[in-house]
1. With labels modelled as points extended 7 Å from the Cα through the Cβ direction, what inter-label distance (nm, one decimal) is found for residue 45 paired with residue 76?
2. Quote the convex hull volume per residue of the stretch 3-56, based on C-alpha atoms, as a whole number of Å³.
3. Quick one: divide the alpha-carbon radius of gyration of the stretch 75-176 by 2.2 N^0.38 Å and tell me what you get.
4. Roughly speaking, what is the stretch gain from residue 152 to residue 164, that is 0.36 nm per residue apart minus the C-alpha to C-alpha distance, in nm to one decimal?
5. For the chain, what's the relative contact order in percent, using C-alpha pairs closer than 8 Å and at least 6 residues apart?
6. If one computes the Cα centroid of the stretch 1-53 and of the stretch 153-168, what distance in Å separates the two points?
7. Beyond 27 Å, what share of the Cα-Cα pairs of the chain is found? Please give it as a whole percent.
8. Hand me the GluC sites (Glu not before Pro) from the stretch 103-160 located in a DSSP loop with no more than 15 other Cβ atoms within 10 Å, in residue order please.
Amino acid sequence: MDIGNKIKELRLSKNLTIKQLADLVDCTPSLISQLERGKTDPSISMLKKIADALQVNIVDFFMPGFEDQDIVTHMEDRVDIQLKRWDAKIQSLVKTVRNKKMQPFYTVIKKGGGSHGMYSHEGEEFGFILQGQMDLILNDKVFTIKEGESFYFSSKIPHNWGNSGDKDVIVLWVITPPTF
């Protein structure tokens with residue numbers, strides 16, 4: 001299922017019209033319609049606003065459902081969370097975040113890829129760089145984090161991340177509480 005269909009499914013499950021959702025997230029109904037039809041990709045900040053309005057986490061737009069609560073998530077069962085504008089592949093390392101206190105991800109950021117914009121939310125984030133070098137921007141300060149290094153910060157701080165290096169960056173990333 002693509003993200004637009006999932007937004008529509010969740011919107012309808014809350015008995016909201018396109019206009020009502022647009023009003024809740026302070027955008028035009030046209031933008032919501034374009035998102036639902038897959039005509040445009042949302043920014044991370046818009047995706048967060050939509051998730052908040054629908055009372056879900058961002059990852060819920062990518063998950064098939066909430067019923068599977070297995071202890072082990074096999075590699076082939078990982079759920080891909082991917083937006084074209086990020087040029088990054090994010091995989092949820094758990095099948096659902098319902099009733100969980102943290103949300104782990106396996107993230108591969110292509111050269112030039114990243115969040116492409118500042119955003120913030122409740123919680124904290126931890127990451128460990130398995131390969132490459134990632135730029136993490138907190139407010140206006142840039143941190144370059146290399147292979148074998150880790151980071152930890154409050155998600156309330158406006159942040160942005162990206163890969164300005166020549167090879168893919170691989171990050172084990174954990175967010176608490178699950179808000180993505």
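None of the figures in this text is laboratory data; all of them are computed from the coordinates on show. These numbers come from a predicted model, not from an experiment. Neighbour counts are summed over all protein chains in view; Cβ atoms, including those assigned to glycine, are modelled from backbone coordinates with ideal geometry.
1. 4.2 nm
2. Working: hull volume 3.4 nm³, N = 54.
Once divided by residue count, the hull of the stretch 3-56 is 63 Å³.
3. Numbers: Rg = 12.9 Å, N = 102, 2.2 N^0.38 = 12.8 Å.
The reported ratio for this selection is 1.01.
4. Values: separation 12, 0.36 × 12 = 4.32 nm, distance 2.01 nm.
Taking 0.36 nm per residue and subtracting the Cα distance, the gain is 2.3 nm.
5. Values: 369 pairs, mean separation 36.0, N = 180.
In percent, rounded to a whole number, it is 20.
6. 25 Å
7. Numbers: 4259 of 16110 pairs.
For the chain, the share of Cα pairs beyond 27 Å comes to 26 percent.
8. Working: sites: 122, 124, 125, 147, 149; in loops: 122, 147, 149.
Answer by residue number: 122, 147, 149.
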